[in-house]
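The values are calculated or read from the model by the stated rules, or taken from the named source; none is laboratory data. Computed from a predicted structure; not experimentally measured. With ideal geometry, Cβ positions are generated from the backbone for all residues, glycine too; neighbour counts draw on all protein chains shown. The protein model used for the area step is the full one, side chains on, heavy atoms only, and it has no ligands, DNA or RNA in it. Shrake-Rupley method; radii C 1.70, N 1.55, O 1.52, S 1.80 Å.
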Amino acid sequence: MPGIPGLKRAARLTTTGKGKGLNGYGDFGSSLRDLPRLRSGRRRRASSWDRSGGNDDRLHLEPGASATLAEISGAGSINHLWITAANEHMDRTPNSIEPDFLRRLLLRMYWDGEEEPSVLTPLGDFFGVGHARTTNFVSQPLQMSPENGKSFNCFFHMPFAEGAKIEVVSELEHERVLFYYYVDYEEFDTLEKSLGRFHAQWRRENPTDGIGEEGQSNEEFHFGGENVTGEGNYTILEAEGRGHYVGCVLNVRNLRETNQWNWYGEGDDMIFIDGERWPPSLHGTGTEDYFNTAWCPQEKYSAPYHGITLGGGDNWGGHVSLYRFHVEDPVTFQSSIRVTIEHGHANKRSDDYSSVAYWYQAEPHSPFSILPVEQRIPRRE
């Protein structure tokens, strides 16, 4: 085959096992164009299958208990997570015992033997929808699938060099949880040193620190005032080290009781990179604009990289959930990043904000915690 160098290279990789990427993450992507490329990673799975051979293919997670979903040694990459969970009485109505169980279940993920988790979020929020709610939607990295969004899928790649551990923690008080899962991953002999580790963090400010609206017209309250520092913005992510931010889910509960025009948005996104001062390199024009929509939307919509999974109710009341993923446009940082957004123009609004930020970075990361369960659960209707 002297005239076909590509075939010679493929044959050499197959026989010697010495080619670049053969023992690591690989120098190819996951597009349809790349599917024909031969690869050497060993596919593995951890799941909740019934070890007795029966059909009880699930964990029975007691209140206050935790369980290890996967504990993997060596190098590899998790490529897909599938989870579905239900409270013991299969009841999510507001009058059920613990309808907010998706906020009471925590996901924790650890890479390479670290003591502090790199992923620490409520289960439902991690998969793209807040407020302990589910709904059908499709994005590239995250999906909730029928029936009524009760099937959770994650396709973020999560590489590791010396092991991985995934845990679920129940902070329910009364009910067991029926928990089904797949953790699909590849094993490698070694992992390339240039790969960051996957991180996800949940935050909440309930309510945000707004201002009183006395003496202002409705128009002044929504559009008046200035913010020339970024101080008081809602913080989606604050991290140190080298890495890249790849997106977020933002949840808003509109707390303003009024019959006047009651749009929760107008908050500019401001992303501060490597300690820069205001104005940051990435300064946006409004809440809906950062999430790639326009003109105060309420319509449910999902696309590969942005969407509205919960649009709120009349006059933008009730529950809102939005996502924006920087898959084609990750925000890189060398020493630090602070991802923020105003809560209303000039931070005037006092609403219930929560979020999940997703990013990759070199370890070690700055440790982060999560609010106790009584401060995580959604407000009752």
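Excluding ligands, DNA and RNA, what is the solvent-accessible area per residue of region 261-317 at a probe of 1.4 Å, expressed in Å²? Could the numbers behind the result be given before it?
Values: 2690 Å² over 57 residues.
Result: 47 Å² per residue.
With every protein chain left in place, what is the accessible area per residue of region 151-233 in square angstrom, probe 1.4 Å?
46 Å²
How much length, in nm to one decimal, is gained on full extension between E276 and D289, taken as 0.36 nm per residue of separation minus their Cα-Cα distance? Don't jump to the answer; show the numbers that get you there.
Numbers: separation 13, 0.36 × 13 = 4.68 nm, distance 2.26 nm.
That works out to 2.4 nm of additional length.
In sequence order, what are the phi-derived ³J(HN,Hα) couplings for region 356-361 according to the Karplus relation 6.51 cos²θ - 1.76 cosθ + 1.60 with θ = phi - 60°, rounded to whole Hz, with x for glycine and proline?
Computed from phi, the couplings for region 356-361 are 10, 9, 10, 7, 10, 7 Hz.
In deg cm²/dmol, rounded to 500, what helix-only [θ] at 222 nm does the chain give when every DSSP H run of at least 4 residues adds -39500 (n - 2.57) and the total is split over its residues?
Working: 5 runs with 30 residues, N = 381.
Per the formula, -2000 deg cm²/dmol.
log10 I(q)/I(0), Debye, Cα-only region 121-181, no solvent, q = 0.20, 0.25, 0.27 Å⁻¹?
So the normalised log intensities are -0.92, -1.19, -1.27.
Rounded to the nearest 0.05, what FRET efficiency do T235 and N55 have when you use their Cβ-Cβ distance and R0 = 35 Å? Before the final figure, lay out the partial values.
On the way: r = 46 Å, r/R0 = 1.31.
Once the sixth-power term is evaluated, E becomes 0.15.
Among the aspartates and glutamates, which fall within straight-line cross-link reach of K300, defined as a Cα-Cα distance under 15 Å, with same-chain neighbours fewer than 8 residues apart omitted?
Correct list for K300: E288, D314.
Rg and Dmax of region 45-97, Cα atoms, in Å?
Taking only Cα atoms of region 45-97, I get Rg and Dmax of 14.6, 46 Å.
Under the definition of Cα pairs under 8 Å and six or more residues apart, what whole-number percent is the relative contact order of the chain?
On the way: 932 pairs, mean separation 82.1, N = 381.
Contact order relative to length: 22 percent.
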